[in-house]
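Below is one structure, written out as structure tokens; the observations come after it.
The values are calculated or read from the model by the stated rules, or taken from the named source; none is laboratory data. Just so we're clear, the structure is a prediction, and the values are computed from it rather than from any experiment. All Cβ positions, glycine included, derive from the backbone under ideal geometry; neighbour counts span all protein chains shown.
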Amino acid sequence: MAKGTDAQKLEVPSAESIAAVAQEVVKGGMPPVETWNPPFCGDLDMRIARDGTWFYLGTPIGRAGLVKLFSSIIRRDGDDYFLVTPVEKVGITVDDAPFVALDFDATGTGEDQNLRFETHVGDRFFAGPEHPIRVAYDEGGEPSPYVLVRRNLEALIDRKSFYRLVDLGVHRDGWFGVWSAGEFFAIIRSEALEA
């Protein structure tokens with residue numbers, strides 16, 4: 001637990017109390033969580049699994065509307081994730097990325113191609129300069145593709161969508177990748193595909 005001013009201990013709020021405050025602040029659209037600086041109230045027993053499932057006290061949160069609400073107040077500071085309201089900030093655990101990109105639509109071809117992604121919580125956006133795609137590789141060479149959703153929060157691109165991206169890939173300047181919104185996003189070095 002974090003200590004408040006005058007050596008008072010702050011209680012870690014419950015998910016229910018955070019949801020109540022969040023419901024009020026999201027009425028006007030996506031809240032500006034990056035501008036809020038409330039006191040840190042401790043860590044909440046909440047986790048986002050790699051597949052995008054949210055858990056509270058070890059149990060999956062089954063209400064899609066509640067997950068969407070929580071996803072609107074998530075913030076990343078460094079390597080840590082928090083749920084933030086104007087009055088409180090609690091730490092949560094994120095196994096990989098807070099979002100999962102479940103699908104995308106492709107229009108156009110080549111440099112004129114546009115890829116419009118959708119996440120498991122309903123975010124929709126075009127990959128491009130403001131929403132870049134990146135691919136990280138683990139020690140065994142397994143790819144993990146991501147796309148920036150908002151602020152500094154990424155979505156893991158699910159396997160079927162990644163395979164579809166690879167089908168749209170082209171070679172450019174020694175790299176194999178995809179185009180979207182006039183940007184080329186490298187997936188892997190071309191020479192690695194020939195090995």
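Brief remarks on what is shown
- Residue among PRO132, PRO38, PRO60 that alone is under 27 Å from LEU165 (Cα atoms), without any contact (Cβ under 8 Å) to a residue 60 or more places away in the chain and not aliphatic (A, V, I, L, M): PRO132
- Single condition PHE104 does not satisfy, out of (1) in contact with a helix residue (DSSP H, G or I) (Cβ under 7 Å, 6 or more places away or on another chain); (2) under 19 Å from GLY42 (Cβ atoms): (2)
- Residues of the stretch 65-95 satisfying the condition of being over 16 Å from the mean Cα position of the chain (by Cα) and in contact (Cβ under 8 Å) with a residue 24 or more places away in the chain: LEU66, THR85, PRO86, VAL87, GLU88, LYS89, VAL90
- Within the stretch 119-143, the set of residues being part of a strand (DSSP E or B) and touching a helix residue (DSSP H, G or I) at 6+ places or on another chain (Cβ under 9 Å) comprises THR119, ILE133, VAL135, PRO143.
- Some residue of the stretch 93-104 being small (Gly, Ala, Ser) and crowded, with 17+ Cβ neighbours inside 10 Å: yes
- Hey, THR85 crowded, with 18+ Cβ neighbours inside 10 Å, among the polar types (S, T, N, Q) and farther than 28 Å from ARG159 by Cα or not: yes
- Residue list for the stretch 159-195, filter: touching a Pro at 6+ places or on another chain (Cβ under 8 Å), aliphatic (A, V, I, L, M) and not in a strand (DSSP E or B): LEU165, ALA181
- If you filter the stretch 59-88 down to residues that are of a type in the set (Lys, Arg) and not in a loop (DSSP other than H, G, I, E, B), you find that the one that is farthest from VAL149 (Cα to Cα) is LYS68.
- Candidate set: the stretch 89-113, residues that are part of a loop (DSSP other than H, G, I, E, B) and of a type in the set (S, T, N, Q); chosen: the one farthest from TYR56 (Cα to Cα): THR109
- Checking each residue in the stretch 139-172 for being at pLDDT 95 or above and at positive phi picks out no residue at all.
- For ARG116: the one exception among (1) within 21 Å of LEU44 (Cβ to Cβ); (2) basic (Lys, Arg); (3) part of a strand (DSSP E or B): (1)
- Residue that is modelled with the lowest pLDDT, among those in the stretch 24-58 that are loosely packed, with under 11 Cβ neighbours inside 10 Å and assigned to a loop (DSSP other than H, G, I, E, B): GLY28
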